Amino acid sequence: SGIRVSTQMIIGIAAIGAYVSGPGLGNEIFHGLARFGAVNSLNQVLIGTGAIVIIALLFDLAYIVIDRLTTSRGIRA
């Protein structure tokens, strides 16, 4: 459970890392916010945010599956 929480935090921090010119999906969010009011700026922000949320959920799902596969039945019940 601690690994799951720390992975979620790392994904969120990686998105914020784009604010200081780092690579990642956070670039989409910050470029959209910089052009706020333009035609596709809101779409760009929503796509970047949605992609980050989907990646975070996929990692969480992977950890749940790994936990389920590696925990014996006696402990799970």
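Coordinate-derived values only; no laboratory data. The model shown is predicted, which means the values in this text are computed figures rather than measured ones. Every residue, glycine among them, receives a Cβ derived from its backbone with ideal geometry; neighbour counts consider all protein chains shown.
Could you pull out every whole DSSP H run in the chain that spans at least 15 Å of Cα extent along its own axis and averages 0.0 or higher on the Kyte-Doolittle scale? Show your work: numbers first, answer last.
On the way: long enough: 2-16 (21 Å, 1.46); 41-70 (44 Å, 1.59).
Qualifying helices, which must be both long enough and hydrophobic enough, are 2-16, 41-70.
Kindly identify the chain as rounded, prolate or oblate by the Cα gyration tensor criterion: order the square roots of the eigenvalues as a ≥ b ≥ c, call it rounded if a/c is under 1.5, otherwise compare a/b with b/c, prolate if a/b is larger, else oblate.
On the way: a/c = 5.12, a/b = 2.78, b/c = 1.85.
It comes out prolate by the Cα gyration axes.
Can you list which of the trypsin sites (Lys or Arg not before Pro) found in segment 1-76 are DSSP loop residues with at most 14 other C-beta atoms within 10 Å?
Of the trypsin sites (Lys or Arg not before Pro), the ones in loops of segment 1-76 whose Cβ has at most 14 other Cβ atoms within 10 Å are R35.
Under a Cβ-only charge scheme (Lys and Arg +1, Asp and Glu -1), can you give me the dipole magnitude of the chain about the Cα centre, in debye to the nearest 20? Walk me through the intermediate numbers first.
Details: 5 positive and 3 negative charges, 54 e Å.
Here the size comes out at about 260 debye.
For every helix of n ≥ 4 consecutive DSSP H residues, a contribution of -39,500 (n - 2.57) applies; sum these over the chain, divide by its total residues, and give [θ] at 222 nm rounded to the nearest 500 deg cm²/dmol.
On the way: 4 runs with 58 residues, N = 77.
Result for the chain, helices only: -24500 deg cm²/dmol.
Give the residue from Q8, V39, G26 lying farthest towards the positive end of the charge dipole for the chain; charges sit on Cβ (+1 for Lys and Arg, -1 for Asp and Glu) and the dipole is referred to the Cα centre.
Of the candidates, Q8 comes out farthest on the positive side.
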